[in-house]
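Structure, as structure tokens:
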Amino acid sequence: MASLLYATFMLIAFLSSSAVCFAFPGFNFGWGGTGGGSGSGGGGDGAFGGSQGYTGLFPEFYSFSCPQANDIVMSVLQRVIAKEPRMAASLLRLHFHDCFVQGCDASVLLDDSVMFASEKNSVPNSNSIRGFEVIDEIKSKLEEACPQTVSCADILALAARGSTVLSGGPNWELPLGRRDSRQASLTDSNNNLPPPNSTIQILITLFRRQGLDEVDLVSLSGAHTIGMARCTAFKQRLYNQDGNDQPDSTLERTYYNDLKTVCPKTGGDNNISPLDFDSPARFDNIYFKLIMGGKGLLTSDQVLLAGNVEGTMFLVKAFAEDDALFFDQFARSMVKMGNINPLTGYNGEVRNNCRVAN
Ligand code: HEM
């Protein structure tokens, strides 16, 4: 009875926090936006950044200046993802790694310069994030069609949405108008991006730092329904999870045995394994079903259920049972993540080349 009451309460709380406005945040400063002001963090509950609401971004941002922007992005993605389905996952992740560091400002794309060290060399990114050539190709096509108009930060957001859709996931109305930073932060990249062996408390803390709540944490972790991870990201679970030379007790036995063949005790650190071995290229809710069976690949996946936080445990079960609920919440949380601290108006710039500041 108590658990039924709790479940009902959670569902109501969850729906009231998420079933909010796809209401348009209001027209404002025209195309190219002047002085839109930068929102600070995804903040609050709503799809458009919740309580702080207004970010200066809006879906029609390029309606006059580059109406074909999304079509250009999609045509490149279609070709690239048909050839290599994993690229969808890599591009989705790139947007996440952008937004958690200084906000969604394309800082992740900047190469080393005399002014700063590139985020590409941070611990979470080095030898891991991919997709830069695809972003370059999209950018050069956009520069041909609409010179100096579409920012690299918006390209990352459009590519993340397009990759989700092309993998079979949800679509959403995407606020646009982000501008590009002139700086990157290697330190923030190391400090803000969650490590794969994170406890549930660390995950909650790092998401909260970005204005994202437990609902966002669980739904956005569902991005791990596509893509791969290197052995180095989950090896500890196989051989020495708690410093006692024992495997992670929350890891299902047959899955554990399979993983050991991919990831031996010594060597093989760059061998890769799917985050969702059942359907690694299809965006669906099987990721959550696998977690229910002890088959989450990363510690950070499995602790959503095993971490003893009732809110995240409840959501894993709810998303495992209802793919429409997951799709709907994923879309809302992606908008919220995409609204983290954008540069708008006269802040930042539209880079000519996504790898270097103008
Ligand atoms: C909750 C905290 C998260 C942690 C600890 C985490 C960690 C990781 C790690 C370690 C990998 C494998 C990287 C490698 O081995 O090279 C990975 C892959 C991936 N992550 Fe996450 N991640 C998290 C959240 C997210 C979010 C919020 C998204 C997107 C919305 C995302 C999207 C992806 C995707 C799509 C891949 C596969 C990339 C590929 O195949 O190239 N992750 N993540």
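What follows draws every value from the coordinates through simple rules; no lab data is involved. Because the structure is predicted, anything quoted here is derived from the model rather than measured. Cβ: placed from backbone, ideal geometry, glycine included. Neighbour counts: every protein chain shown.
Along the Cα-to-C-beta direction of LYS83, a point sits 7 Å from the Cα; which residues of the range 159-177 have their amide N less than 19 Å from that point?
In the range 159-177, the label zone of LYS83 (backbone N under 19 Å from the point 7 Å along Cα→Cβ) covers 159-160, 162-164, 166-167.
Can you work out the FRET efficiency for the pair LYS265 and SER75, with r the C-beta to C-beta distance and R0 = 41 Å, to the nearest 0.05? Don't skip to the answer; put the middle values down first.
On the way: r = 45 Å, r/R0 = 1.11.
Using R0 = 41 Å, I get an efficiency of 0.35.
Name the residues whose placed amide hydrogens come within less than 5 Å of the amide hydrogen of ALA229, ignoring near sequence neighbours (fewer than 5 apart) on the same chain.
Close amide H contacts, sequence-distant or interchain: SER273, LEU275.
Output ³J(HN,Hα) for the range 312-322: one whole-Hz value per residue in order, computed from phi by the Karplus curve 6.51 cos²θ - 1.76 cosθ + 1.60 with θ = phi - 60°, and x for Gly and Pro.
After applying 6.51 cos²θ - 1.76 cosθ + 1.60, I find 6, 4, 4, 5, 4, 5, 4, 6, 5, 8, 9 Hz.
Placing +1 at every Lys and Arg Cβ and -1 at every Asp and Glu Cβ, with all other atoms neutral, what dipole size does the range 222-333 have around its Cα centre, in debye to the nearest 20?
Result for the range 222-333 is approximately 320 debye, rounded to the nearest 20.
Over the range 222-333, what is the mean sequence separation of C-alpha contacts under 8 Å (at least six apart), divided by residue count, expressed as relative contact order in percent?
Normalised by residue count, the contact order of the range 222-333 is 29 percent.
Quick check: residue separation of ASN352 and ASN308 times 0.36 nm, minus the Cα distance between them. What number comes out in nm? Show your work: numbers first, answer last.
Numbers: separation 44, 0.36 × 44 = 15.84 nm, distance 4.74 nm.
The span from ASN352 to ASN308 would gain 11.1 nm if fully extended.
Nearest 20 debye, what's the magnitude of the dipole of the chain about its Cα centre given +1 on Lys and Arg Cβ and -1 on Asp and Glu Cβ?
Dipole magnitude for the chain comes out near 400 debye.
Under a plain spin-label model, where a point goes 7 Å from the Cα along Cα-to-Cβ, how far apart in nm are MET292 and ARG208?
Inter-label distance under the simple model: 2.9 nm.
In the chain, once you exclude exposed trypsin sites (Lys or Arg not before Pro) (DSSP loop, at most 13 other Cβ within 10 angstrom), what's the longest stretch remaining? Mind dumping the intermediate values first?
Numbers: sites that count: ARG209, LYS265.
Answer from the scan: 1-208.
Springs between alpha-carbon atoms under 10 Å, Gaussian network over the chain: tell me which of GLY131, GLY296, GLY162 tops the mean-square fluctuations.
GLY131
Tell me which residues come under 5 Å, amide H to amide H, from LEU343 once H is placed; ignore anything under 5 positions away on its chain.
Amide H to amide H, under 5 Å and 5 or more residues apart or across chains, LEU343 pairs with ARG179.
Across the range 210-226, in residue order, what do the Karplus-derived ³J(HN,Hα) couplings come to in whole Hz, using 6.51 cos²θ - 1.76 cosθ + 1.60 with θ = phi - 60° and x for Gly and Pro?
Each residue's phi maps through the Karplus curve to give 9, x, 10, 9, 5, 5, 5, 4, 6, 5, 6, 4, x, 4, 6, 6, 10 Hz.
What list of ³J(HN,Hα) couplings, whole Hz, do you get for the range 76-87 from phi and the Karplus terms 6.51, -1.76, 1.60, once you set θ to phi - 60° and write x for glycine and proline?
Each residue's phi maps through the Karplus curve to give 5, 4, 4, 5, 5, 6, 4, 6, 9, x, 4, 4 Hz.
Along the charge dipole of the chain, pointing to its positive end and built from +1/-1 on Cβ of Lys, Arg, Asp and Glu, which listed residue (VAL215, THR266, MET334) has its Cα farthest out?
THR266
Counting only residues 5 or more places away or on other chains, whose amide H sits under 5 Å from the amide H of SER185 once H atoms are built in the peptide plane?
Result for SER185 returns GLU119.
Relative contact order of the chain, please, whole-number percent, based on alpha carbon pairs below 8 angstrom and at least 6 residues apart.
It comes to 27 percent, rounded to a whole number.
Tell me, what is the FRET efficiency for SER126 and ASP188 to the nearest 0.05, using R0 = 22 angstrom and their Cβ-Cβ distance as r?
On the way: r = 15 Å, r/R0 = 0.68.
With R0 = 22 Å, the Cβ-Cβ based efficiency is 0.90.
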